[in-house]
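A short write-up of the structure that comes next.
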Amino acid sequence: MDLLALLDEIRILAQNGLEYTEDEFDRRRYERLLEIVSESYADTLELPAAEVRRRFSRELGHITPKIGAEAAVFDSDGGILLIRRTDDGTWCLPCGWIDPHEMPEEAVVRETLEETGLGVRPLSLVGVFGRSAGAGLGPHAIISVLYLCEIVGGAATPTEEASEIRYWGIDGVPAWHEYHEQLARAAAAARAER
């Protein structure tokens, strides 16, 4: 287990402990664990410990994985629609976090429009995928809900999140974001079965 995955597990145990404990001694122990984790995250990610702790405090209730929705859109030649991320320059499916009180299929429509300017309609659920926390992947575990979608309107327009939008052959993508190649291949297989 790498350091970020270990820190995330300790953070989750401490935050969930604070959520449920009624014992003052346990509360102090969990608070101390969060201090240790915040300091370790701060050293690893080069952030102030107070900022790390502030970010942790925004997560209320029982800590669960982050849940996102991804859109797989193909052109007639089998190319998959990808965006070039402005944060790291890698290529990914249009995607984003599901907001509270939002269904995954609503999130995939919203996120695709926000990131590409394209309106889409989900055709079918490809699958639900998981990614553990870890170095190079981020400090949180993620659940991804992947939909095969079709374009229903709009025009591809770069945004603050996507510097470029284009269709790629899956084998020709120069740099994939995190585990999006796995998602793209699963979507291509689902499309072939339709």
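Observations
- The C-beta contact set for the stretch 66-86 (first residue under 20 Å from Ser163 (Cβ atoms), second residue of a type in the set (Phe, Trp, Tyr) and assigned to a loop (DSSP other than H, G, I, E, B), distance under 8 angstrom, 6+ apart or interchain) is empty.
- Those residues of the stretch 138-162 which are modelled with pLDDT of 95 or more and closer than 30 Å to Ala42 by Cα, in sequence order: Ser144, Ala162
- Residue among Ala162, Ala186, Ala133 that alone is buried (at least 16 other Cβ atoms within 10 Å of the Cβ) and out of contact with any strand residue (DSSP E or B) (no Cβ under 7 Å at 6 or more places or on another chain): Ala133
Per-residue answers, yes or no, for (1) under 19 Å from His140 (Cβ atoms); (2) surrounded by 15 or more Cβ atoms within 10 Å (Cβ to Cβ); (3) acidic (Asp, Glu):
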| residue | (1), (2), (3) |
| --- | --- |
| Asn16 | yes, yes, no |
| Glu24 | no, no, yes |
| Glu31 | no, no, yes |
| Leu34 | yes, yes, no |
| Asp43 | yes, no, yes |
| Arg54 | yes, no, no |
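- Set Ala107, Ala72: member being surrounded by 16 or more Cβ atoms within 10 Å (Cβ to Cβ), among the small types (Gly, Ala, Ser), in the same structural domain as Gly169 (by TED's automatic domain parsing) and in contact with a Lys or Arg (Cβ under 8 Å, 6 or more places away or on another chain): Ala72
- Candidate set: the stretch 75-100, residues that are among the β-branched types (Val, Ile, Thr) and under 19 Å from Leu113 (Cβ atoms); chosen: the one surrounded by the fewest Cβ atoms within 10 Å (Cβ to Cβ): Thr86
- Cross-chain or 6+ apart pairs with Cβ under 8 Å, the stretch 169-192 first and in contact (Cβ under 8 Å) with a residue 40 or more places away in the chain and in the same structural domain as Cys92 (by TED's automatic domain parsing), then basic (Lys, Arg) and in a helix (DSSP H, G or I): Ile170/Arg185
The values are calculated or read from the model by the stated rules, or taken from the named source; none is laboratory data. Predicted model, so just to flag it, every value in this text is computed and none were measured. Don't worry about glycine lacking a Cβ; one is built from the backbone with ideal geometry, like all the others, and counts go over all protein chains shown.
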